[in-house]
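Take a look at the structure set out below.
The values are calculated or read from the model by the stated rules, or taken from the named source; none is laboratory data. None of these values were measured; they are calculated from a predicted model. For neighbour counting, all protein chains shown are included, and Cβ atoms are generated from backbone atoms with ideal geometry for every residue, glycine included. The accessibility values were calculated without ligands, DNA or RNA, using every heavy atom of the protein model including side chains. Shrake-Rupley method; radii C 1.70, N 1.55, O 1.52, S 1.80 Å.
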Amino acid sequence: MLDVRNEAAALAPATAPAEWTSATAAAIYRLPFNDLLFRAQSVHRQHFDPNRVQLSRLLNIKTGGCPEDCGYCSQSSHHATGLAASKLMDVDSIVAEARKAKAGGAARYCMGAAWRNPKPRDMEAIVRIVAAVKALGLETCMTLGMLDREQAERLNEAGLDYYNHNIDTSERYYPTVTSTRSFADRLETLEHVRQSGMKVCCGGILGMGESEQDRVEMLVTLANLPEPPESVPINMLIPIAGTPLAESDRIGPIEFVRVIALARIMMPRSFVRLSAGRSAMTDEMQALCFFAGANSIFVGDTLLTAANPEDAADRKLFDRLGLQAL
Ligand code: SAM
Ligand code: DTB
Ligand code: SF4
């Protein structure tokens, strides 16, 4: 473990630099665990109520058959995962699901489609879906793949609050994860989303065989965007049989919590979302993630295609920790 007495950067006051360097971020990441968590929790309390966690619900509005080859994904047509593909759901069924989510306490509704990008003919339906879900009084988020400038503007005009588009990992490791698009393609869509006026939701996945440096670099990229994302989902890989990354080296719980803490310190005002992978986490690990600054989770027993904790388990967790839904 690094001797932090020699790390001026790591001991600097908790104000964010104008531009993060990898060295500063890595020094913070390697602080003694107690110092790192104390610092993350202190930053967290400056901007958020530490006992409130936002509940989001996810719906896969178009499942499987995706032409992209993301090595972690059950929905790629490049991998034999046994998932049946389906067409875009109709607006009424989506609204019925969103209504149930609201009744169940969700404040945010996130809809995903297994597309490389929406086709021009899809846009009309998407716009109707956004308007109908928003009319229920839910915060809305969509993740539909790459967007051009006009599509982003159209979604913004329809009232979509957030667009999710993850960089997933570091620029260096990206080609190991996906070959059908580049890191630069991801950044271009993020730029279109930002320019349109929508809020940006962008994060990544840990436990795909990446190094500690890749994890730090991913956060440096996010924190150094012209404006950091308002929402930063941190997923722990759910290994899916039949995908190339299913046998990757896992990430340990302490290392995972360190990344959450670093994200909180580097992006103090953003929602840090403890996203995929909670089914494989103990209550204690999740408690440490909340202490490190995670303040949003996905609820409901299915994410897009993979399992998530049952509502009853999450209610029990919140009770044990004295947490309230935001
Ligand atoms: N097609 C869209 C796109 O290109 O962004 C989005 C849908 S995608 C399923 C949303 C995000 O979920 C991915 O960017 C990835 O970060 C995360 N994800 C997908 N499969 C995962 C898995 N098996 N484990 C953890 N996270 C996963
Ligand atoms: C994000 O970063 N994680 C969510 C949400 N954004 C769309 C999706 C997690 C998907 C987990 C794998 C699955 O359900 O297939
Ligand atoms: Fe397609 Fe998105 Fe899955 Fe990649 S992550 S294969 S783009 S659905």
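Points worth noting:
- Residue count for the range 203-219 under the criterion of being of a type in the set (A, V, I, L, M, F, W, C), outside any helix (DSSP H, G or I) and either under 18 Å from Phe271 (Cα atoms) or touching an Asp or Glu at 6+ places or on another chain (Cβ under 7 Å) (or both): the result is 2.
- Within the range 274-303, the residues that satisfy the criterion of being assigned to a loop (DSSP other than H, G, I, E, B) and closer than 15 Å to Ile234 by Cα are Ser275, Ala276, Gly277, Met281, Ala292, Gly293, Ala294, Asn295, Leu303.
- Per-region count, the range 192-202, residues part of a helix (DSSP H, G or I) and charged (D, E, K, R): 1
- Restricting the range 23-48 to residues that are open to solvent by 30 Å² or more (accessible area, probe 1.4 Å) and under 20 Å from the mean Cα position of the chain (by Cα) leaves a set whose member that is nearest to Gly137 (Cα to Cα) is Phe48.
- Residue ID - farthest from Asp92 (Cα to Cα), chosen from residues in the range 17-71 that are away from ligand 3 (no atom under 16 Å from the Cβ), part of a strand (DSSP E or B) and among the charged types (D, E, K, R): Arg52
- Qualifying residue in the range 72-92 (condition: part of a helix (DSSP H, G or I) and more than 16 Å from ligand 3 (Cβ to nearest atom)): yes
- When the residues of the range 52-88 are filtered to those that are open to solvent by 40 Å² or more (accessible area, probe 1.4 Å) and among the hydrophobic types (A, V, I, L, M, F, W, C), the one that is nearest to ligand 2 (Cβ to nearest atom) is Leu83.
- Qualifying positions in the range 130-175 - over 21 Å from the mean Cα position of the chain (by Cα) and either of a type in the set (A, V, I, L, M) or surrounded by 20 or more Cβ atoms within 10 Å (Cβ to Cβ) (or both): Ala131, Ala132, Ala135, Leu136, Gln151, Ala158
- Matching residues in the range 160-190 - criterion: being out of contact with any strand residue (DSSP E or B) (no Cβ under 7 Å at 6 or more places or on another chain) and more than 15 Å from ligand 1 (Cβ to nearest atom): Glu171, Arg172, Pro175
- Set Ile240, Ile205, Ile234: member being in contact (Cβ under 8 Å) with a residue 40 or more places away in the chain, touching a Cys at 6+ places or on another chain (Cβ under 9 Å), aliphatic (A, V, I, L, M) and surrounded by 24 or more Cβ atoms within 10 Å (Cβ to Cβ): Ile234
- Summed over the range 304-318, residues that are away from ligand 1 (no atom under 16 Å from the Cβ) and either under 20 Å from Thr81 (Cα atoms) or assigned to a helix (DSSP H, G or I) (or both) total 8.
- With respect to the conditions (1) within 15 Å of ligand 1 (Cβ to nearest atom); (2) over 25 Å from Pro32 (Cβ atoms), Val232 falls short on a single one, namely (2).
- If you check Ala125, Ala113, Ala96, Ala135 for being under 22 Å from Lys199 (Cβ atoms) and away from ligand 3 (no atom under 16 Å from the Cβ), only one passes: Ala135.
- Residue within the range 146-164 that is of a type in the set (Phe, Trp, Tyr) and more than 16 Å from ligand 3 (Cβ to nearest atom) present: yes
- Within the range 243-267, being surrounded by 21 or more Cβ atoms within 10 Å (Cβ to Cβ) and more than 14 Å from ligand 2 (Cβ to nearest atom) holds for Ile251, Phe256, Val257, Arg258, Ala261, Leu262, Arg264, Ile265, Met266, Met267.
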